[in-house]
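Student: This is the structure I want to talk about, given as structure tokens.
Values in this text are rule-based calculations from the coordinates and carry no lab data. Small disclaimer: the values here were computed from a predicted structure and weren't measured. Every residue, glycine as well, gets a Cβ built from its backbone with ideal geometry; the counts of neighbours run over all protein chains shown.
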Amino acid sequence: MRPTAVLALLSILALTPGVALYAPADDGTIGRTAASLLAFAREMNPEYAAMRSEADAARERAMAAGSLADPKFRMELRDITKSGEQNATLSPSGVGSTR
């Protein structure tokens with residue numbers, strides 16, 4: 001439900017006879033107070049729950065982004081002339097050793 005639909009539903013419920021919006025004490029019963037209706041609507045609204053989940057996921061992604069070191073690839077070619085036996089080459093299979 002969209003927030004406007006929730007507000008429209010709450011308005012209809014407030015104007016409907018038999019719905020007690022004003023009570024001397026809030027015992028947690030849904031419909032006894034306007035605040036309990038709003039809290040129920042926030043908890044049960046699937047669109048609002050999806051927005052909360054997306055915000056939580058974005059917060060976790062932001063924290064996880066800086067937790068690991070930046071991966072790097074490094075390769076060292078050694079003895080690229082094989083002790084003068086050949087011309088210099090940058091092919092890993094044609095050098096003396098790689099690291």
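Student: Based on other C-beta atoms within 10 Å, arrange Arg52, Arg32 from fewest to most. It would help to have the intermediate numbers written out before the result.
Tutor: Working: Arg52 12, Arg32 18.
Taking fewest neighbouring Cβ atoms as first place, the list is Arg52, Arg32.
Student: Still on this structure, I have one more. Arrange the peptides 80-91, 37-48 so that the one whose residues have, on average, the most other Cβ atoms within 10 Å appears first. Write out the running numbers ahead of the final one.
Tutor: Numbers: 80-91: 10.2, 37-48: 13.7.
Top of the packing list down: 37-48, 80-91.
Student: Assuming R0 = 41 Å, what is the FRET efficiency of Lys72 and Ser93, from their Cβ-Cβ distance, to the nearest 0.05?
Tutor: FRET efficiency, Lys72 to Ser93: 0.95.
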